[in-house]
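Read the structure below first, then the notes.
The values are calculated or read from the model by the stated rules, or taken from the named source; none is laboratory data. Fair warning: this is a prediction, and the values are worked out from it, not measured in the lab. Glycine also receives a Cβ, built like all others from the backbone with ideal geometry; neighbour counts cover every protein chain displayed. These accessible areas exclude ligands, DNA and RNA; they are computed on the full protein's heavy atoms, side chains included. Shrake-Rupley method; radii C 1.70, N 1.55, O 1.52, S 1.80 Å.
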Amino acid sequence: DGKLILTLWQQSSAGFSKQTAGLHHLSFQAKSVEQVKEIEAKLHERDAKLIYEGIVLHSEGAKSGGIFFEDPDGIRLEIFTTEG
C-alpha cells in the first residue's frame, strides 16, 4: 500500500560508540507539532530514553524543531516538524 514501516531492534549488548564511524542520527518528518507530541507520548509509554524533554527548536527563533530519543543501541533518532 506504499506505507513506510521502520523496525528497530537491538543488535548488540553494547551501546553505540560516538568515537567510531557510524550513523550519528536518523530523522523523520512529522506533519505537525501535534503529531510530534503524540509520538512523544507513545515513547514515554514505552519508557524510551528521551535526550531532551519536549520539542527542541532547531535554532533560536526557528519554526522547525523535534524530539530526540535513542534506539536500543543508543543511536539518536529524531521526529521533527517544520510547522509551528
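For the range 18-50, a tally of residues being out of contact with any helix residue (DSSP H, G or I) (no Cβ under 6 Å at 6 or more places or on another chain) and closer than 21 Å to THR7 by Cβ returns 23.
Scanning the range 26-55 for residues being among the aliphatic types (A, V, I, L, M) and closer than 30 Å to SER13 by Cβ gives a total of 7. Within the range 63-73, the set of residues being under 11 Å from HIS25 (Cβ atoms) and part of a loop (DSSP other than H, G, I, E, B) comprises ASP71 only. Out of GLY84, GLY65, GLY61, GLY54, one residue alone is of a type in the set (Gly, Ala, Ser) and surrounded by 14 or more Cβ atoms within 10 Å (Cβ to Cβ). It is GLY65. Give the number of residues within the range 74-83 that are farther than 13 Å from GLN29 by Cβ and either part of a loop (DSSP other than H, G, I, E, B) or among the small types (Gly, Ala, Ser) (or both). Number of matching residues: 2.
The condition of being among the aromatic types (Phe, Trp, Tyr), assigned to a strand (DSSP E or B), open to solvent by 30 Å² or more (accessible area, probe 1.4 Å) and modelled with pLDDT under 95 holds for only one of PHE28, PHE16, that being PHE28.
Taking every residue in the range 39-54 that is assigned to a loop (DSSP other than H, G, I, E, B) and pairing it with any residue that is not charged (D, E, K, R), at least 6 positions away or on another chain, the pairs with Cβ-Cβ distances below 7 Å are ALA48/PHE69; ILE51/PHE68; ILE51/PHE69; TYR52/PHE68.
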